[in-house]
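Take a look at the structure set out below.
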Amino acid sequence: MNKDLTSSEVHRKNILNNSFAVEEIYNTYDIKGIEYEGIIYFTNNQIANFFKVDPRTIERTIENHKEELHSNDFKILKGQKLINFKKSIQYSATDINVGPKTTNLSVSTFRTLLNFAMLLPNSDVAKEMRNKMINITMDTIAQKTGGHVKYINQKDKDYLKKAFIEESERKKFTDALRDFVDVGQYKYAYFTDLIYKAIFKESAKQYKQVLSLEKNDKTRDTMYSEVLLIIATFERGLAHEINCKFEELGRKLTKQETVDVVKKYAAHPDKYPLVNDARTKMASRDLGLRDSLHVELDEYINPITQDDFEKFLGEQSKSLEQQIKEHKDVFLRLRDK
């Protein structure tokens, strides 16, 4: 997918919030900065020199994107902190000169420097860096998942437990369709698609197309734990509602009657918070982690948080094998219910 970092704050944050990618990008560059309190900093002049732009361009960029840059470690040193920073310059290998009359000094970390690279459309150095950081970011995600990005959802330590719950609730739903709905065998796929469309606006076929899944790939093997949980909620609730409608009518439901039950259930206001959360997580994570865009969920796309990157790529993430070992007792209890 074409990612224009100069125009999309979401794409910018999806790189800057990925500490694993930022570290890899840092390791590819040899940029001399000033160590202060254990962190490498760069002054505005250093950044201007690196990107080969006029210092006034950096100042205008700061003014136009002040809030974003501050959220990515840009800061202004004053008072004692500035005094201490000046002392750090004396021990650095740089030839920076901060005049004695300077009362405040803007400094940036490497993360901020990357942010500048995304905000300088007319710098050839910045353009080259943007291309490189996009490639490194995607390579980092692929490396962290062993090349299986489509199953990155299974790195969530809660995935297997939620998958097992969903499977249990699905049986209640399919049993209700079997016993209380007078429609042919296609009803299982048909009403499953109705649930999918109610939650994330796509059929199973459309979902597979977005994620470029193979014909035999199971959609739910690729879904995030939060999405599986709301699907389970719908399945449990609809099984109950279909049963109630059957008892009310004293006969099996027709196709249209079952459709009406699903639509009424999905439209209830109490579903909104869970549906909204599922749409946001699916749309945002799939764009940032899988490079896949759910067009129908475009309005729900947010940047991926640092916590989520840690959840799927860091020490918090766990392989499916680890999850099976750790939750074996839980699965046995759920199975026997």
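The values are calculated or read from the model by the stated rules, or taken from the named source; none is laboratory data. Bear in mind the structure is a predicted one, so any value in this text is a computation, not a measurement. Reconstructed Cβ throughout: ideal geometry from the backbone, glycine too, with neighbour counts over all protein chains shown.
Of note:
- All positions within the range 2-42 that are charged (D, E, K, R) and in contact (Cβ under 8 Å) with a residue 60 or more places away in the chain: Lys3, Glu9, Arg12, Lys13, Glu24, Lys32
- Any hit, the range 261-272, residues being surrounded by 21 or more Cβ atoms within 10 Å (Cβ to Cβ) and of a type in the set (Ser, Thr, Tyr): no
- Filtered residue count, the range 154-173, keeping only those that are without any contact (Cβ under 8 Å) to a residue 40 or more places away in the chain and under 15 Å from Phe309 (Cα atoms): 0
- When the criteria are applied in full, Arg236 fails the requirement of being within 18 Å of the chain's Cα centre (by Cα) and surrounded by 15 or more Cβ atoms within 10 Å (Cβ to Cβ).
- Per-region count, the range 175-187, residues free of Cβ contacts under 8 Å to residues at least 24 places away in the same chain and within 30 Å of Ser292 (Cα to Cα): 1
- The residues of the range 207-221 that are touching a residue at least 12 places away in the same chain (Cβ under 8 Å) and over 14 Å from Glu167 (Cα atoms), listed by number, are Tyr207, Val210, Leu211, Ser212, Leu213, Asp217.
To keep it simple, each residue is scored yes or no on (1) among the hydroxyl-bearing types (Ser, Thr, Tyr); (2) in contact with a Gly (Cβ under 6 Å, 6 or more places away or on another chain); (3) in a helix (DSSP H, G or I); (4) at pLDDT 95 or above.
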| residue | (1), (2), (3), (4) |
| --- | --- |
| Met1 | no, no, no, no |
| His11 | no, no, yes, yes |
| Ala21 | no, no, yes, yes |
| Asn27 | no, no, yes, no |
| Lys32 | no, no, no, no |
| Ile40 | no, yes, no, no |
| Gln46 | no, no, yes, no |
| Asn49 | no, no, yes, no |
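- Restricting attention to the range 171-205, the residues that are part of a loop (DSSP other than H, G, I, E, B) and either under 35 Å from the mean Cα position of the chain (by Cα) or within 28 Å of Tyr300 (Cα to Cα) (or both) total 4.
- Evaluated against (1) at positive phi; (2) surrounded by 17 or more Cβ atoms within 10 Å (Cβ to Cβ); (3) small (Gly, Ala, Ser), Ser212 falls short on exactly one condition, (2).
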